[in-house]
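A quick write-up on the structure given underneath.
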Amino acid sequence: MTGMKNIAGKEFRSSFRNMEFLLIVGVFLIMSIVSVYIGSTTKNAELKAYEDIVATATAAGTEIPAAPVIYPLAILKNLVEYIVMIGSVLAIFLGFDAFNGERRGGTLRLMLTKPVRRSSIILGKLSGAGLVVGLLLAATLIFNIVLFDFYTGVFPNNAEILRVVLFLLVAFVYMMDFYAGALYVSTKTRESSYGFLLMMVVWIFISFVIPQVAESQKSYAYAINNIAGTVTQVPEETVLSNAIGWLSPAVQFKSVGNDLLQAVDETATIGIGRLLAADLIKILYLIFPSVLLTILSAREVKKEAIL
Amino acid sequence: MLHAEHVTKSYPNIKALDDLSLEVSDGAIFGFLGHNGAGKTTALSICSTLILPSSGRVTIQGMDVVKDNLKVRKILGYLPENVALYGELTVRENLRFLGRLSEVRKVDAAIDDALGLLGFSQWADRRVKTLSKGMRQRVGVAQAILHKPKILFLDEPTSGLDPEGTAEIRDILLRINAELGTTIFMNTHMLSEATRTCSDIGIINHGKLLLADTLKNIEKQYEDCKSLEEIYFRIGKGAAK
């Protein structure tokens, strides 16, 4: 336990002295601010458009259409995309050299002559990265609540704060999947650059290729008959699209994230308990890779021969 | 202090250690001599719990280095040939991290003691990446003695150092041995250094131990030889025949 705590502390300190890592953190935080800004201007534009429609309808004496439903948290929904795009890269960056760097630099030899269990090295690294990612997401939370208040003039209520906190917890789990993946690759390879490249390929597949294939498949899920003016659902295509989506944690993360950030009308107003119950399988699916990859990394480190 | 019995280490195409048995007594400075690839580092790695022997047994203070590895690590200090530290951290941060891993309770006081002993206190807040090889070697020694180990394993501690650095490390080792009572197990191929530093000598060739005794006994046994170097070559030639 002491060993794990110390390794976690060292990982935490080292991360914040790494210029490349700090640069990615900076980009992540800027994107998070931009996300709130874009979200709020989009919603303001929607409101402005509605006001124009109301003005025109009033002048023409026609019926005033119903006001659009605007869910306040939806202005944060771009965060989901930024975590898929940048958050995961940041986690890969933290992990790709985490173990092999110790091996290559020779510090692993030193560590293994101390009374530390090999599994503590992996758990310590995971905890250190968890602290870094957690701190970053906590900073994002504070930034976003402040910006939310600044742009909307409304301080989010408790339910909304709870949704944002839960979203960041899910984002934490999602980012840790990539860290655990990078750490595992780092235990397997003696070439960190190869490990990084491999993880970037995995990232491209998870974040872009599979979601795109699932999305494309979804377009076949509805048969549109222009002559009859009907839209018929094709169940096989929907099932296939969903099945493809289950190959990518990014798809499931986006789904849970959008639910939590009120970006989906159907789930925007339901209670948090019901929402979590509905998304439980997806959340468990997101937790699973971290657990599995940590176990595999620990097994790999146990086998590590030092000379 | 250290007792090795019939230790063998085999790799697919090579036997790195072949039936090595040796004894290092408490308080000794044991110099393990041999050419490159003789098996010195393999022996040291087994003794310091880094790798497992293929067969045989090593105990340190009666504790088996395989079965009781965590306990053994509490009483051993280790300095690799190329001292590896975290360059972006300061000397103190490196020592604090490694000291805590060694379960040192009052780690800052221990760091001050170790750096004081090595005459290195003024560099405590320097980042390690800015230090010279000789300075890093001293930090390496500091991390190895923070927890006041009973036995210190050193792999070529003066390799790559200039004569001044070599002399400094030698003095430090003699002081550690005298002041802390630490047994030292040192791999080296610098025979002159071994003569100046070691009380006991072991010579290994192609994984086989050719000789192990106190330096005095060895000198008495080979009294016609003028130096340890001459003894080393004579034993080496004898083994080759």
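Listing for the model above:
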read-out: Where B:VAL104 falls short, out of the listed (1) out of contact with any His (no Cβ under 8 Å at 6 or more places or on another chain); (2) part of a loop (DSSP other than H, G, I, E, B); (3) not charged (D, E, K, R); value: (1)
read-out: Residue satisfying condition, being charged (D, E, K, R) and open to solvent by less than 60 Å² (accessible area, probe 1.4 Å), within set A:LYS5, A:LYS43; value: A:LYS43
read-out: Residue tally, condition more than 10 Å from chain A (Cβ to nearest Cβ), in a loop (DSSP other than H, G, I, E, B) and open to solvent by 40 Å² or more (accessible area, probe 1.4 Å), over region B:47-81; value: 6
read-out: When residues of region A:15-27 are limited to those that are touching a residue at least 60 places away in the same chain (Cβ under 8 Å) and open to solvent by 20 Å² or more (accessible area, probe 1.4 Å), the one nearest to the other protein chains (Cβ to nearest Cβ); value: A:PHE16
read-out: Filtered residues of region B:1-24 (kept if assigned to a loop (DSSP other than H, G, I, E, B) and open to solvent by less than 60 Å² (accessible area, probe 1.4 Å)); value: B:MET1
read-out: Filter result (facing another protein chain (nearest Cβ under 8 Å) and part of a helix (DSSP H, G or I)) within region A:93-107; value: A:GLY105, A:THR107
read-out: Residue within region B:167-174 that is open to solvent by less than 40 Å² (accessible area, probe 1.4 Å) and without any contact (Cβ under 8 Å) to a residue 24 or more places away in the chain present; value: yes
read-out: Looking only at region B:100-112, and only at residues there that are touching a helix residue (DSSP H, G or I) at 6+ places or on another chain (Cβ under 9 Å) and more than 9 Å from chain A (Cβ to nearest Cβ), the one that is most open to solvent (accessible area, probe 1.4 Å); value: B:ASP112
read-out: Only one of A:ILE7, A:ILE38, A:ILE30, A:ILE53 that is out of contact with any Ser or Thr (no Cβ under 6 Å at 6 or more places or on another chain), part of a helix (DSSP H, G or I) and within 14 Å of another protein chain (Cβ to nearest Cβ); value: A:ILE7
read-out: Within region B:117-232, helices (runs of 4 or more DSSP H) holding 1 or more residues that are of a type in the set (Phe, Trp, Tyr); value: none
read-out: Single condition A:SER120 does not satisfy, out of (1) within 15 Å of A:ILE92 (Cα to Cα); (2) crowded, with 23+ Cβ neighbours inside 10 Å; (3) among the polar types (S, T, N, Q); value: (1)
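The values are calculated or read from the model by the stated rules, or taken from the named source; none is laboratory data. None of the values given here were measured: they were computed from a predicted structure. FYI the Cβ positions are ideal-geometry reconstructions off the backbone, even for glycines, and counts take in every protein chain you see. Accessible surface is based on the protein model in full, side chains and every heavy atom, while ligands, DNA and RNA are left aside. Shrake-Rupley method; radii C 1.70, N 1.55, O 1.52, S 1.80 Å.
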